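Contents: one structure, followed by commentary.
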Amino acid sequence: MMKHVVCFKLKDRTQAPRAREVLLSMEGRVEQIRSIQVGLDFLGSPRSYDVILEVVLENREALESYQNHPYHVDVVKEHMHRVAETSVSIDYELD
């Protein structure tokens, strides 16, 4: 199993609830996802990111399929690229 984590800093923090909805909409649509969590930052410090996405996948092959899934690419990435100022990510294997 592995985890894919992405933190988003939005152009407009008021868009965070909608971003959360869009990210969570992958559940049940992107079959590679074993579990998904999306959190919104409440602190709002200058170094804070606004939204975090955590997705658990079976393996690296599932990550590759997830990255290229039509719903992920055409709906989720399109929306997040439009509203995000920047993002950072990490992918790691779970023990």
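The values are calculated or read from the model by the stated rules, or taken from the named source; none is laboratory data. The model shown is predicted, which means the values in this text are computed figures rather than measured ones. Note that each Cβ is placed from the backbone with ideal geometry, even for glycine, and that neighbours are counted across all protein chains shown. Surface areas here come from the heavy atoms of the whole protein model, side chains and all, with no ligands, DNA or RNA. Shrake-Rupley method; radii C 1.70, N 1.55, O 1.52, S 1.80 Å.
Residues that are more than 20 Å from K3 (Cα to Cα) and part of a strand (DSSP E or B) were ranked within segment 55-85; the one that is most open to solvent (accessible area, probe 1.4 Å) is E85. Taken together, R34, R47, R29 contain a single residue that is in contact with a helix residue (DSSP H, G or I) (Cβ under 6 Å, 6 or more places away or on another chain) and among the basic types (K, R), which is R29.
Rundown of residues vs (1) over 16 Å from S65 (Cα atoms); (2) touching a Leu at 6+ places or on another chain (Cβ under 9 Å), yes/no style:
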position	(1), (2)
M1	no, yes
D12	yes, no
A19	yes, yes
G28	no, no
E31	no, no
G44	yes, no
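The residues of segment 23-54 that are loosely packed, with under 12 Cβ neighbours inside 10 Å and under 18 Å from D95 (Cα atoms) amount to a single one, S35.
The number of residues in segment 23-41 being touching a residue at least 40 places away in the same chain (Cβ under 8 Å) and out of contact with any strand residue (DSSP E or B) (no Cβ under 8 Å at 6 or more places or on another chain) comes to 3.
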